[in-house]
Amino acid sequence: MKSNIVKSILFACLFATGMAYLESAIVVYLREILYPEGFVFPLKIVGENIIITELFREIVTIIMLLCIGFYFGKCRLGKFAYFILAFAVWDIFYYIFLKALIGWPESLLTWDILFLIPLNWIGPIIAPIINSITMILLALIIIVYERKHLKVSFTIYEWLLLIIGSIVIFIAYIKDSMFFIWGFIQNKANNLSELQNALEKFSLEFIPFKFDWILFSIGELLFLISIIIFIRRMKKIK
């Protein structure tokens, strides 16, 4: 039983690590083309075909990671656990490979565009790494209980804590993009073309300097509370 758990975890992590290298390789190519002098803010405007390609690349990446969850997980929560495990390992090794290939990021506090859907997720890379470590912890706990043939599930309160925590962290990542777009829509936007021009201007001018660590920490705290409640409840199940 223990051997099967280790084997499943290793295969899921190996797949995610391979995906991380492919993702980092793509970014190396893009930065060589778009940022030959090195990636810095403000962003450069890229062609619509590249933006669309990147959006679909992110969607397909999530689909592939979901497949890992569906393959290895034995129950719904188990599938979720393998998905977040693969996602977290992929995210961490993505930065490890970028560091090995091009010497970037310079530090854990280096800013990056983390995701593009539905808006730009922006933050220092240590933030998603912290999220990933938390996800790995939660995933391993779920997998261990699942393999013990326990009835593994989250209560509505545990789910609420995880969901609210996720929303809070999501807002911490996109708040700069969100506030800019909302303000523009209220005051200036008359049509989609004007909004697109404003987004391009935002990209050309925006230089991040302060991350909302308070909001981020609240989200992380909600995650940890949910994990603690889940562990204590599962220990009572015989």
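The values are calculated or read from the model by the stated rules, or taken from the named source; none is laboratory data. Keep in mind that this is a model prediction, so the values were computed, not measured. Here the Cβ is made from the backbone with ideal geometry for all residues, glycine too, and neighbour counts use every protein chain on show.
In segment 192-238, what residues are among the acidic types (Asp, Glu) and modelled with pLDDT of 70 or more?
Start the filter on segment 192-238 by keeping residues that are among the acidic types (Asp, Glu), which leaves 194, 200, 205, 212, 220.
If the condition is that a residue be among the acidic types (Asp, Glu) and modelled with pLDDT of 70 or more, then ASP212, GLU220 are the ones that fit.
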Which members of segment 18-35 meet the condition of being touching a Phe, Trp or Tyr at 6+ places or on another chain (Cβ under 6 Å) and either at pLDDT 90 or above or not in a helix (DSSP H, G or I) (or both)? MET19, ALA20, TYR21, GLU23, SER24
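Table: residues versus (1) in contact with a strand residue (DSSP E or B) (Cβ under 8 Å, 6 or more places away or on another chain); (2) over 18 Å from THR61 (Cα atoms).
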position	(1), (2)
ILE84	no, no
PHE87	no, no
THR110	yes, yes
ILE113	yes, no
LEU116	no, no
ILE122	yes, yes
ILE133	no, yes
Members of segment 23-62 found to be closer than 30 Å to LEU85 by Cβ, free of Cβ contacts under 8 Å to residues at least 24 places away in the same chain and not hydrophobic (A, V, I, L, M, F, W, C), listed by number: TYR29, THR53
Please indicate, with yes or no, whether at least one residue in segment 94-113 is surrounded by 13 or more Cβ atoms within 10 Å (Cβ to Cβ), of a type in the set (Gly, Ala, Ser) and closer than 30 Å to VAL6 by Cα. no
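Residue by residue, here is whether (1) under 15 Å from the mean Cα position of the chain (by Cα); (2) assigned to a helix (DSSP H, G or I) holds:
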site	(1), (2)
LEU43	no, no
ILE51	no, yes
GLY69	no, yes
LEU77	no, yes
ALA81	yes, yes
ILE84	yes, yes
LEU101	no, yes
LEU108	no, no
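Against the condition touching a residue at least 12 places away in the same chain (Cβ under 8 Å) and not hydroxyl-bearing (Ser, Thr, Tyr), how does CYS75 come out, does it pass? Don't jump to the end; show me each part of the working.
Values: touching a residue at least 12 places away in the same chain (Cβ under 8 Å): yes; not hydroxyl-bearing (Ser, Thr, Tyr): yes.
Yes, satisfied.
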Members of segment 116-141 found to be within 12 Å of the chain's Cα centre (by Cα), hydrophobic (A, V, I, L, M, F, W, C) and outside any loop (DSSP other than H, G, I, E, B), listed by number: TRP121, ILE122, ILE126, ALA127, ILE129, ILE130, ILE133, MET135
Tally, over segment 142-155, of residues that are part of a loop (DSSP other than H, G, I, E, B) and surrounded by fewer than 17 Cβ atoms within 10 Å (Cβ to Cβ): 6
Residue check, GLU54 within 27 Å of ILE122 (Cα to Cα) and at pLDDT below 85: yes
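Here is a yes/no grid of residues against (1) in contact with a His (Cβ under 9 Å, 6 or more places away or on another chain); (2) hydrophobic (A, V, I, L, M, F, W, C); (3) surrounded by 17 or more Cβ atoms within 10 Å (Cβ to Cβ):
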{"residue": "VAL6", "(1), (2), (3)": "no, yes, no"}
{"residue": "GLU23", "(1), (2), (3)": "no, no, yes"}
{"residue": "PHE39", "(1), (2), (3)": "no, yes, yes"}
{"residue": "ILE45", "(1), (2), (3)": "no, yes, no"}
{"residue": "ASN49", "(1), (2), (3)": "no, no, no"}
{"residue": "ARG76", "(1), (2), (3)": "no, no, no"}
